[in-house]
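The values are calculated or read from the model by the stated rules, or taken from the named source; none is laboratory data. All values reported here derive from a predicted model rather than from experimental measurement. Here Cβ is always computed from backbone atoms with ideal geometry, including for glycine, and neighbour counts include all displayed protein chains.
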Amino acid sequence: MTKYYLRQRHSIDDGVNIVFDENFQASYLVSGRTGKKGDELHVQDMSGKVLVRIQQTSYGVLPRFSLKYLDHTVGSISFTFGHFGDIVYVRKLNWLISGNFIAGRYLTTHNTKKLLTVKPTLRPDGIYIRLNITFDSQTPVHIAIAALLDVWGTKSNPMNTLKWLPGQSTNFKLTLWHES
């Protein structure tokens, strides 16, 4: 099982997010945006080669996304009204993602195999999403989906509008758990 760290989206000022390995060495770059039809999120290796593209194919309350790995369509993702702490299904890959996307705690399974677990962790320079990936060959795809769910969870998070997240206001304190 390999660990990667992706900085939470609400902590990023520019459009590029660096993914770090367990030794905190830069491994991947995540860039792009969502919100309109045709928008894309990209996962690139450190040389700049695009490995994964998630393209938004529809917009509105229930957006749909196409998932491409090395320019081959490998799946699609769509959200439902019950996405708050429920389930997302990745078609073609037959992956089931369940958990709480607003809190950033979820897991991805295929049949009975756990492929990925995600949960936030506090580091000295901010909040990161820790990804525990079971199969290394699927790493860029998992990073892309985690980045998409981070954006989606951040947009849906009522704490953003209330400015209760760390660094947004000095009036409120939010207790986070630390990894040992």
Counting only residues that are of a type in the set (S, T, N, Q) and either modelled with pLDDT of 70 or more or crowded, with 19+ Cβ neighbours inside 10 Å (or both), which one in region 1-18 is farthest from G104 (Cα to Cα)?
T2
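Every residue in region 113-126 that is crowded, with 19+ Cβ neighbours inside 10 Å and either of a type in the set (V, I, T) or assigned to a helix (DSSP H, G or I) (or both), please.
Residues of region 113-126 that are crowded, with 19+ Cβ neighbours inside 10 Å, as a first pass: 115-116, 118.
Across region 113-126, the qualifying residue is only V118.
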Screening K113, K37 for residues that are among the charged types (D, E, K, R) and either modelled with pLDDT of 90 or more or within 13 Å of L149 (Cβ to Cβ) (or both) leaves only K113
Selection within region 127-141 - under 19 Å from N23 (Cα atoms) and touching a strand residue (DSSP E or B) at 6+ places or on another chain (Cβ under 6 Å):
I127, Y128, I129, R130, L131, N132, I133, T134, D136, T139, P140
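Taking only region 26-42 into account, find how many residues are within 18 Å of H142 (Cβ to Cβ) and not in a strand (DSSP E or B).
First pass over region 26-42, keeping only residues within 18 Å of H142 (Cβ to Cβ): 26-32, 34, 40-42.
Filter once more, so that each one left must be not in a strand (DSSP E or B): 34.
The number of residues fulfilling the criteria is 1.
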Take region 94-112 and flag every residue that is surrounded by 15 or more Cβ atoms within 10 Å (Cβ to Cβ), part of a loop (DSSP other than H, G, I, E, B) and not hydrophobic (A, V, I, L, M, F, W, C).
G104
